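The values are calculated or read from the model by the stated rules, or taken from the named source; none is laboratory data. Note that the structure is a prediction, hence the values are computed from the model and not measured. Neighbour counts run over all protein chains shown; Cβ positions are idealised from the backbone, glycine included.
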Amino acid sequence: MPPTTSHIRYCDKCHLPTKTPRVCNECGTASYCSIACQKAHQEIHQPTCRPLSPKEVWGITILPGPPGHPPQFQHELLTINHHIFLKDGNKQNICLGSLLCGVPLLWYRSEQVQLKRTLEQEQHGVHGINPETNLTAAASSMSTSEKSEPTRHASSPSSSDVKPHMTAAMSRRSGLSLRCIVSMSVSENPPTGESTQQASDSPPKYNQAAALLCVDLNTGVTPDHFDGPVAFARQDKKLLTRELMETIWKFHCSIKEDSEKAEYNWATMSDLMTREAFQSFQLEYYLEQTAKGRPGFDPL
């Protein structure tokens, strides 16, 4: 009798099934089909290589990059008691696009960011508030209970990749006829790959990548005032890698509808975002990144 699916594990490097996996001795979670795959995957696996308790989950925080540069995707260790997993009544903050893609993501944006924006406005006399309000003192008094454990590593896609992306071959395979895609500024300066957290006394930057993941799928409109770092985690609490997070973001970029042309009755993002379309995009995107020599994007 052939083994059941539950008894088969997949190599984290080559993604092939293996009946006798080599499990990482350090964390006990990563599996490989051979020593060669384990060694080749060490650089990618290292940031999340640590034993996890049943109450810990690896998520991703998106940090807004400078204009013309890609965002930073940063591993972050969360607990199941983090606000991202807590339900407000029966509601969680879920990215609807990722739900349609088959990888439901939850998001959480600290209220401290919005409070800081409000304090910035008050300091400048917005809404008739005293313009001499002390932002630093007020900000320092905010609770830090929402902060998660320190993150480890951050990375960002090549700045040359921050552009519309949807090949004709992928569009044909997916059965999609894409009529418009989002346009993003491009910089030739390569990213450092290091975390560029904003100073506590600087105004929060608009997080374009995170806002796009929370776009209204019917109108193509992204949220306003989506500033500062935004945390994401898989709803099923599985490991969320930087490579998968980047791919989901780029998929959103590739099919974002131009709201100004909605009058022509083109398909909305909710119509274009399907599990099949995302899987086809992911396959091709991984192949492209592998051809560019980027580790972690091994063909599926």
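Under 6 Å between Cβ atoms, which residue pairs at least 6 apart in sequence (or on different chains) link something in the range 219-246 that is in contact (Cβ under 8 Å) with a residue 24 or more places away in the chain with a partner that is outside any strand (DSSP E or B) and of a type in the set (D, E)?
So the pair list comes out as G220/E257.
Condition check ((1) in the same structural domain as Q208 (by TED's automatic domain parsing); (2) touching a residue at least 12 places away in the same chain (Cβ under 8 Å)) across all residues:
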| residue | (1), (2) |
| --- | --- |
| H15 | no, yes |
| T20 | no, no |
| C24 | no, yes |
| G28 | no, yes |
| Y32 | no, yes |
| I44 | no, yes |
| G59 | yes, yes |
| H75 | yes, yes |
| N81 | yes, yes |
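Looking at G89, G68, which one is modelled with pLDDT under 90 and surrounded by fewer than 13 Cβ atoms within 10 Å (Cβ to Cβ)?
On the way: G68 fails: surrounded by fewer than 13 Cβ atoms within 10 Å (Cβ to Cβ).
Of the residues listed, the single one that is modelled with pLDDT under 90 and surrounded by fewer than 13 Cβ atoms within 10 Å (Cβ to Cβ) is G89.
Which condition number does N81 fail, the rest of (1) more than 23 Å from the chain's Cα centre (by Cα); (2) loosely packed, with under 11 Cβ neighbours inside 10 Å being met?
Just one mismatch for N81, condition (1).
With the condition kept exactly as written, say whether any residue in the range 215-228 is part of a loop (DSSP other than H, G, I, E, B) and either at pLDDT 95 or above or within 17 Å of H69 (Cβ to Cβ) (or both). First the steps, then the outcome.
Filtering the range 215-228 for residues part of a loop (DSSP other than H, G, I, E, B) gives 215-226, 228.
Restricting the remaining residues to those that are either at pLDDT 95 or above or within 17 Å of H69 (Cβ to Cβ) (or both) gives 228.
Within the range 215-228, one or more residues are part of a loop (DSSP other than H, G, I, E, B) and either at pLDDT 95 or above or within 17 Å of H69 (Cβ to Cβ) (or both).
Output the number of the condition that K256 fails; it satisfies all remaining conditions of (1) farther than 30 Å from T79 by Cβ; (2) modelled with pLDDT of 95 or more; (3) not small (G, A, S).
In the conditions (1) farther than 30 Å from T79 by Cβ; (2) modelled with pLDDT of 95 or more; (3) not small (G, A, S), K256 misses (2) alone.
Return a yes/no flag: does the range 43-57 have any residue that is among the hydroxyl-bearing types (S, T, Y), under 18 Å from the mean Cα position of the chain (by Cα) and either surrounded by 20 or more Cβ atoms within 10 Å (Cβ to Cβ) or at positive phi (or both).
Within the range 43-57, the first condition is being among the hydroxyl-bearing types (S, T, Y), and the residues that meet it are 48, 53.
Filter again for under 18 Å from the mean Cα position of the chain (by Cα), leaving 48.
Checking the rest, the ones that are also either surrounded by 20 or more Cβ atoms within 10 Å (Cβ to Cβ) or at positive phi (or both) come to none.
Checking the range 43-57: not a single residue is among the hydroxyl-bearing types (S, T, Y), under 18 Å from the mean Cα position of the chain (by Cα) and either surrounded by 20 or more Cβ atoms within 10 Å (Cβ to Cβ) or at positive phi (or both).
Might you check whether a residue that is in contact with a helix residue (DSSP H, G or I) (Cβ under 8 Å, 6 or more places away or on another chain), closer than 24 Å to V103 by Cα and outside any helix (DSSP H, G or I) occurs anywhere in the range 42-58?
The answer is yes, given that some residue of the range 42-58 is in contact with a helix residue (DSSP H, G or I) (Cβ under 8 Å, 6 or more places away or on another chain), closer than 24 Å to V103 by Cα and outside any helix (DSSP H, G or I).
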